[in-house]
Structures are given as C-alpha cells and as structure tokens.
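Report on the following structure.
Please treat every number below as a calculation from the coordinates, not as lab data. Since we're looking at a predicted model, the values are computed, not measured. Neighbour counts are summed over all protein chains in view; Cβ atoms, including those assigned to glycine, are modelled from backbone coordinates with ideal geometry.
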Amino acid sequence: MPIFKAKNYLDVYRVRAASDDLHQMSGRHDKRITAFCNQQMEREMAPSKDDVVVDIGCGDGSFLVQIHKNIATGFGIVPTEEEKARLEVAYSIDNLSFLRGLTTKLPLADETASKVICNGVLVLLDTEDELVASMREIYRVSKKHAMIWIGELPHVDEFAYHNKKYGDSLIKWIMSELRQSGVVAAAHATKKVLTALFSKETLIINPKTHLYILPDKFVQICENIGFEVLQSWKSITIDKTGRECEIPTRYNYLLRKTLEN
Ligand SMILES: C[S@@+](CC[C@H](N)C(=O)[O-])C[C@H]1O[C@@H](n2cnc3c(N)ncnc32)[C@H](O)[C@@H]1O
C-alpha cells in the first residue's frame, strides 16, 4: 500500500525519482505543460554555443536535454542522490552533468554559469531566509552579465487561494476535487488512490505549506544582492485544451547579474 505522507519537499522528489515515469520528477501531471514551459524558457533565455547553463532543481532534466545541442555545457542540480542517479541512468549526454545540491548550497565554483534556470523550485523552500540565501548562491555561481530565469514563484498562499482545506485526508481530498472541479477530477483522484493501493506506484501526500512572496519584495531582495530585474510577469501555462492561460498565483522573473556586491 504505497501511500507516502511526505514531511518535506525533498522527500517528495526523492520518492518521485523511483517512479517508472521519469516525468514524475517534474512535479507536474501533464507532460504537455512541461514541454510548454521548456519552450518558453528556451525562447526567453536564447541558449547559444558558448553558454554554460545551470538548471537548479532540474526535475526530469527535459529542459537541458532539449537545449543541449545548442550550448557548451549544462549542469542539472537536484537535491537528492536518488534523483541524480535516476537522471544519470536516463541520459548519457557528453555535455550534460547532473549534480547533487541545494539552492542554498550549489555544488559549483564561483562565476560558472552564463545562464541560470530555477523554475518551480523556490516555491518549495521553507523560509524567506532560505530564499535570500538561494539568490545569493545564484549570484555567486553566475558570471558577470549572466541571465537568470526565476520561474513560477507564488505571490500568494496557493492552498488558501484554491481553498484546499483537506489536510492529509484522502477522502476529504476526493470530496474537495468533486466540489471544486467536478466528477471527472474526483474520479481521477479516486483512481490515483486505488492505483496506489493495488500497484507499485506511490501516492505522495504533499506538505501543505509553501513559500510565497510579493513581487515588490522579491525584486528588492534581488536588487540588494546585485541583480538587475529585467522583467517580471504572471506565469503562463496551458489548459486542458492546450490554450495558453495565466497562472493567477505565480510570477516569472528575468534577471541579469550586473553589479559587484
Ligand atoms: C516542481 S519541480 C520543477 C522541475 C523543473 N524545474 C521544471 O520546471 O520542470 C521542483 C524541482 O526542485 C527540486 N528541489 C526541491 N527542493 C530543492 C532544493 N531545496 N534545492 C534544489 N532543488 C530542489 C526538486 O527535486 C525538483 O527537481
């Protein structure tokens, strides 16, 4: 009966790495959304042959794999040995390496990266102090004038925004899906529980808190560290029909390392 109640997000992704489906490591249920996200990042970051790209919290590694032919070197950072091992088995590409490390302690020398990606990761930190420490680490490992993509950083508490009050109860979760999203969503949730009960695929009960920060405050933190904030905008995803739509609770930020601090 593999139902796992995770104490923290590191455990969530450690367990996801054991899934038969590599895409579970991205944290999304729909591969099309990850592909859409990767397209946006490639368009904005415009990787080129001289670039050293660091993807912090690289999930299923698909962004680096997508761009690897157009860059010099890519490093994918993941927080657990289990994720690193899974990515190393999945991909063997000469100019890509997967390293174990945390946003707050990156396993890279100073001024390594010309492009840094950190998408859907800072949301998983526990405190604002960790967020500041992570941005300082990104600054340290970035070359001067490096471009940095910080994606999908919430500005509100998403559990409150989406009225998710079911705690760790699976029954309450299914009922909440029924009330908020309808019969199909509730059937999908029920199927997940039954699959976990009768197969090897683990159902993970996620922690019910996450980090969020108002855009003005995040911009101030970045500027204090020595980044120029080039752009910030509401994160964009696709809906079930493939149509683009805003994520109402999250922002993306495009930064450049400019100043000495
Ligand atoms: C929601 S997934 C996003 C994956 C990928 N960036 C994407 O957008 O598809 C979160 C990723 O962050 C990683 N992660 C979680 N906490 C982390 C931390 N403290 N330091 C580094 N990576 C972390 C997870 O292992 C996972 O790879």
Which of rounded, prolate, oblate describes the range 51-102, given a ≥ b ≥ c as roots of the alpha-carbon gyration tensor eigenvalues and a/c under 1.5 marking rounded, otherwise prolate only if a/b is larger than b/c? prolate
Rh (Kirkwood; distinct C-alpha pairs) - the range 1-71, Å: 13.6 Å
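Based on the Kirkwood radius over alpha-carbon pairs, what is the Stokes-Einstein translational diffusion coefficient of the chain at 37 °C with 0.692 mPa s viscosity, in µm²/s? Walk me through the numbers before you get to the answer.
Numbers: Rh = 19.2 Å.
Answer, rounded: 171 µm²/s.
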Return the Rg/Rh ratio of the range 216-261 with Cα-based radii and a Kirkwood Rh. 1.16
Per the Cauchy relation, a quarter of the hull surface: what is the mean projected area of the convex hull of the alpha carbons in the range 179-261, in nm²? 9.0 nm²
Can you give me the distance in nm between label points at V132 and E81, each placed 7 Å from the Cα along the Cα-to-Cβ direction? 3.4 nm
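As a test, work out the antiparallel percent of DSSP beta bridges whose residues both lie in the chain, rounded to the nearest 5.
Working: 17 of 39 bridges.
Expressed as a percentage, antiparallel bridges in the chain total about 45.
K7 to T190: extension gain in nm, 0.36 nm per residue of separation minus the Cα-Cα distance?
Values: separation 183, 0.36 × 183 = 65.88 nm, distance 2.27 nm.
This chain segment gains 63.6 nm when fully extended.
Relative contact order for the chain: what percent, with Cα pairs under 8 Å and sequence separation of 6 or more?
Values: 464 pairs, mean separation 56.8, N = 261.
Relative contact order for the chain comes out at 22 percent.
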Can you give me the three principal axis dimensions of the range 165-205 from its C-alpha atoms, in Å, biggest first? 29, 21, 11
In degrees, nearest 10, range 0 to 90: what is the angle between the Cα axis of helix 128-141 and the longest Cα principal axis of the chain? 40 degrees
List the aspartates and glutamates whose Cα sits under 13 Å from the Cα of K165, skipping any in the same chain fewer than 8 residues away. D157, E177
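Could you state the per residue volume, in Å³, of the convex hull enclosing the Cα atoms of the range 143-191?
About 136 Å³ per residue, rounded to a whole number.
Sort 55-61, 241-247, 151-157 by packing, meaning the average of other beta carbons within 10 Å per residue, with the highest value first. Write out the running numbers ahead of the final one.
On the way: 55-61: 26.4, 241-247: 9.9, 151-157: 18.4.
Top to bottom by mean Cβ count within 10 Å: 55-61, 151-157, 241-247.
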